[in-house]
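Okay, so here's the structure we're looking at.
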Amino acid sequence: MRSLRPSAAAVDAVDALVDHPFQRRWVTIPDGEGGTLRVHLVDDGDPAGPPIVFLHGNPSWSYLWRHQIAAVSQLGYRAIAPDLVGMGLSDSPSELEDYSVARHVDWMRAVLFDELDLRDVTLVLHDWGGIIGLRLLGDHAERVARVVVSNTGLPWRDPAEPLPDGPIEARGPFADFQRFAREAPAWEPWTLLGGVMVTPVTDELVTAYRAPYLDPGRTIGSRAFTQLLPTRPDDPQLPDNWRAWQVLETFERPLLTIFSDRDVVAPHGWKELVARVPGAVGQPHVILEGGGHFLQEDLPQDYTAALVAWLAATDTV
C-alpha cells in the first residue's frame, strides 16, 4: 500500500488556523499490508482527565469538533480527535481499493486502543465516525463508558438472510452521488459544505476545510468514503454492522443522541438506537432546530451545551 503524506505547506496551513489552537501529534499504526500509516490527532486538555474521543466523518476532519474540544478541555477532560485515515493530516492510502469500513475500524482500533490504550472512553460520533465508532464499541464494549451519536446510523443485514435474486446493483438515494463521486475528474471535499450545512458557508470555513488538502491527490480518502456508502445489499459492512448490533442491544451504559431537524443524510438514525440500545433509555435525546447534517457548524453553541450538560449529568469521576 502506497500512502501520501501531507506537505509541509498543508501542515503550516493547519497550524495557521486561529480557531484550532490545540495540542496535536501523530501516531504510527500498521496499515494492514505490512507497512505503516501516520494518523494525525488532536490530544488536548488534561492528559490524566477522562478521555473523550471525537470521530468525524466525510467531508470533514478533526476541525469539525473545534468548539466541543475547546469546551471539554477547559472542563478537565482529555479531548482526543483523530483525523480518520485518508482525511485531514493523516496519511492517505493512494487507491480507492485501499479503503474499506473494516479497515477504518481496524485503523482507529490501532490508534485508540493499541497505541493510546484508552479505557473508560466517552465516544462522540458523527457521520462515518458513527459507523466506525459503533463498530469499535461492538468489538470493545468494555473500553467504552458512554456514547454520543449525531446524524448517523448503523445500517445492517442479517448474514443468515439470503441476498436478493438477480443482478445486484447500487440502488437508493446515494447511488447517483456515488457514481458522480467515482467519475468526477477532480474531488474537492470542501465544495460539499453547502450541501451539508444550513447556515452560509464562509470563506474562512472553506479555507479551514481545504487546509489539509493543498496536495490535490490527498483528497482520495474523502472520495473513497463516497464509495463505501451502503448502496448494495452485498456490502460487506452490513453483516459486520449486524454483529455490532448484537452487542449494542446489550449495552447498558449511557448513550445519547443529538441530531438536527434539517439533516438530509441520516435524519432518522436516532430512532433505532433509542429503540434498541438499553443505555439509551431515559436519556435526554434531542433534535436541535435549525441545523443541517453538519450541526456542529450550524449550531455550535447548542450542540456544545447539550453535550457538556450531559457529560456533567453522567460523570462518575
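Filtering the stretch 71-105 to residues that are open to solvent by 10 Å² or more (accessible area, probe 1.4 Å), of a type in the set (G, A, S) and under 18 Å from the mean Cα position of the chain (by Cα) leaves S100, A102. Take the stretch 166-206 and flag every residue that is touching a residue at least 24 places away in the same chain (Cβ under 8 Å) and in a helix (DSSP H, G or I). Scanning the stretch 166-206 gives A175, F177, Q178, A181, R182, P189, W190, L192, L193, G195, V196, L205.
Here's the yes/no breakdown for (1) hydroxyl-bearing (S, T, Y); (2) under 27 Å from A102 (Cα atoms):
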position: S7; (1), (2): yes, no
position: D15; (1), (2): no, no
position: D19; (1), (2): no, no
position: T28; (1), (2): yes, yes
position: H40; (1), (2): no, yes
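Of the residues making up the stretch 150-165, those that are free of Cβ contacts under 8 Å to residues at least 12 places away in the same chain and either among the acidic types (D, E) or surrounded by 18 or more Cβ atoms within 10 Å (Cβ to Cβ) (or both) are E161, D165.
In the stretch 11-40, the residues that are charged (D, E, K, R) form Cβ pairs under 6 Å with partners that are assigned to a strand (DSSP E or B), at six or more places apart or across chains, as follows: R24/V42; R25/D43; D31/L37; R38/W26; R38/T28. Output the number of residues of the stretch 289-314 satisfying the condition of being in contact with a Gly (Cβ under 8 Å, 6 or more places away or on another chain) and of a type in the set (D, E, K, R). Looking only at that region, the number is 2.
With respect to (1) part of a helix (DSSP H, G or I); (2) touching a residue at least 40 places away in the same chain (Cβ under 8 Å), the lone exception for V147 is condition (1). Scanning the stretch 52-70 for residues that are within 14 Å of L123 (Cα to Cα) and surrounded by fewer than 24 Cβ atoms within 10 Å (Cβ to Cβ) yields a single hit, Q68.
Selection over the stretch 160-180 of residues that are under 17 Å from R223 (Cα atoms) and hydrophobic (A, V, I, L, M, F, W, C) gives a count of 5. Residues of the stretch 180-213 that are open to solvent by 50 Å² or more (accessible area, probe 1.4 Å), of a type outside the set (V, I, T) and either over 16 Å from Y63 (Cα atoms) or touching a His at 6+ places or on another chain (Cβ under 6 Å) (or both): F180, R182, E183, P185, A186, E188, G194, G195, P200. Within the stretch 262-269, is even one residue free of Cβ contacts under 8 Å to residues at least 60 places away in the same chain, of a type in the set (A, V, I, L, M, F, W, C), over 24 Å from V144 (Cα atoms) and part of a loop (DSSP other than H, G, I, E, B)? No, the stretch 262-269 has no match at all. Looking only at the stretch 273-311, residues that are without any contact (Cβ under 8 Å) to a residue 40 or more places away in the chain and assigned to a helix (DSSP H, G or I) come to 8 in all. Is it the case, given these coordinates, that T250 is among the polar types (S, T, N, Q), open to solvent by less than 60 Å² (accessible area, probe 1.4 Å) and either under 20 Å from the mean Cα position of the chain (by Cα) or modelled with pLDDT of 95 or more (or both)? Answer is no for this residue.
Restricting the stretch 124-144 to residues that are of a type in the set (D, E, K, R) and assigned to a helix (DSSP H, G or I) leaves a set whose member that is most open to solvent (accessible area, probe 1.4 Å) is E142.
The values are calculated or read from the model by the stated rules, or taken from the named source; none is laboratory data. Since the model is a prediction, treat every value here as computed from it, not as a measurement. Backbone-built Cβ (ideal geometry, glycine too); neighbour counts: all protein chains shown. The protein model used for the area step is the full one, side chains on, heavy atoms only, and it has no ligands, DNA or RNA in it. Shrake-Rupley method; radii C 1.70, N 1.55, O 1.52, S 1.80 Å.
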